[in-house]
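Just so it is clear, none of the values below were taken in a lab; they were calculated from the coordinates. As the structure is a prediction and not an experimental result, all values here were calculated from the model. Here Cβ is always computed from backbone atoms with ideal geometry, including for glycine, and neighbour counts include all displayed protein chains.
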Amino acid sequence: MNMSDAQDRPLILVVDDTPDNLTLMSELLQELYRVKVANSGERAMKIALTAMPDLILLDIMMPDADGYEVARRLKSNPRTHAIPIVFLTSRSSIEDEQRGFELGAVDYIVKPISPPLVLARVKTHLTLKAAADFLRDKNEFLEREVEKRTSENTAIQNVTIQVVTSLAETRDQETGHHIRRTQSYVRLIAARLSQTVRYRSTLTASAIATMYRSAPLHDIGKVGIPDHILLKPGKLTVEEFEIMKTHTRVGCAAIERAEEQLGMEVDFLKTAKQIALSHHERWDGTGYPQGLQGDEIPLAARVMAVADVYDALVSTRVYKEAMAHTDALRLITSGSGSHFDPEVVEAFLAVESDVQDIAERFKDHLQSQSARDQQPEPVRTAHLKTVH
C-alpha cells in the first residue's frame, strides 16, 4: 500500500494504560486502519483534539482519568463531540455498560476480546460515522446555500426598492432625504410598539424589518401624478387636490401589478401595499382614500402616518420653513385620537429624541426661492393642513 492510500485510511485512537493491550490492538487494526495509541486519559484528550480520530476505542480503568471521565470530556467538547466512542473494557456489569451508553458511547465491548467481533464492530461504526459526516456536511452546505440565496434575494429587493424610489424622487425633488428619514422613524416607532403587550407577539424583529424595507414605497404612486400638479409651486385647486390624492391608489395598484407578475405573495410587498394605500387615512375615519377608521387602518400605515407628518413638519421646503422639533411634537400630540393612533403617538413620543437625532443627521439643505416663498402653503401637503 502506498503512502497516499495509507493516509486515506480512517484513524483509530486506542486508549489503554496497559502496554500489552495497546500492542494487541495496534497489531489487530494496523492492517486496515491508521492507529494512534494513548496510555492515559490526559494523553488521549490531547491526541483527540489534534489528530481528530474517526473512532476511539476507550478503556475504562485508568489511573489519572478513567474512561468515563474521558468520554464525558470528549462529548462536552464541540470539536470532539461527533467522534464515536467504543468502550473496550473488562468491566462487564450491566450498570457499567448502561453508564457508558448514557455518556454517549456507540458500543461496549467486554475483554477478553474476540478479534473478528472487534473488527466487525469497528467497521460498522466507521461506516455509520462516514454516513453521518456526509449528511452533516450536506446539510451545512445546503444551509449555507439557503443563507446565500436569501441574502441575495434580500439584496435584490433592497436595490429594487432604492431604484424605484429614486425614480419617484426625480419627479419630486423637494423631498430630499425624506425617504431615508421616514423609514428610520418607522423602525424606531415599531420597535417601541413591540415592547407593548398588544404588539409583542406580532411586531417581531422580522415584521419590523419588513416594515422598514417597505416604508420607502409609501409615496411611489406620485409617479402617476401630472407634473403641473406635483410640481406646482402654489396652492392646489380642489380638483387638483383630488387628483393628488389618487397617488395612494396608484401606488398600491403598481405594487399589486408587480406582485401579479411575480406570481406569489411577498411579505414586504404586502406591507408596502398597506402603507402606500392607507398612510393618509385618519384614526377618526376622515382620511383618504377609503375613509378607514381606528384599527381598520393597517398598523404599518398608522406608523407611517406619524413618521410622514413629523418629517414634513420639521423639514424645509421651498414654500415653508422647517418647524421646530418641540412644535412638531405638540402638533403630533394634538392629533392623537383624531388624526393618529394614540398608541402610535405614545410610542413616537417615547423615542422622540432618537427621531430628532435622525432628522438632524439627514437634514435637507434647501435654499428658499423668494418667488415661491410668497406663495401660500400648498394644499398638496395635506397631512400638514390636517394637523394645523
Fill in: FRET efficiency for THR18 and ASN139, using Cβ-Cβ distance with R0 set to 30 Å, rounded to 0.05
0.15
Worksheet item: Based on the mean of other beta carbon atoms within 10 Å per residue, what is the order of 132-143, 223-234, most packed first?
Response: 223-234, 132-143
Fill in: In sequence order, calculated HN-Hα J values of the range 19-35 (Karplus, 6.51, -1.76, 1.60; Hz; x Gly/Pro)
x, 4, 5, 5, 5, 4, 5, 4, 5, 5, 9, 5, 6, 10, 9, 7, 10
Worksheet item: Out of the range 258-339, which trypsin sites (Lys or Arg not before Pro) are coil in DSSP terms and have no more than 14 other C-beta atoms within 10 Å?
Response: none
Worksheet entry | Placed amide H near PHE340: partners under 5 Å, 5+ positions off or other chain | TRP283
Discussion item. Using a Cα-Cα cut-off of under 23 Å, which lysines could be cross-linked to LYS320, ignoring same-chain neighbours fewer than 8 residues away?
Written reply: LYS222, LYS232, LYS235, LYS245, LYS363, LYS385
Worksheet item: Among ASP341, ASP284, ASP20, which comes first, second and so on when ranked by fewest other beta-carbon atoms within 10 Å?
Response: ASP20, ASP284, ASP341
Worksheet item: When ranked by the protection proxy of mean other Cβ atoms within 10 Å per residue, highest first, what sequence do the peptides 239-245, 92-98 form?
Response: 239-245, 92-98
Response to the item:
Taking 109-115, 196-202 and ranking on average Cβ neighbours within 10 Å, highest first, one gets 109-115, 196-202
Practice prompt. Summarise the long-distance tail of P(r) for the range 2-93 by giving the % of C-alpha pairs beyond 23 Å.
Written response: 19 percent
Worksheet, complete the sentence: Residues MET62, MET323, MET264 in order from fewest to most other beta-carbon atoms within 10 Å are MET264, MET323, MET62
Worksheet entry | Residue exposure sequence - ASP357, ASP311 - by fewest surrounding Cβ within 10 Å | ASP357, ASP311
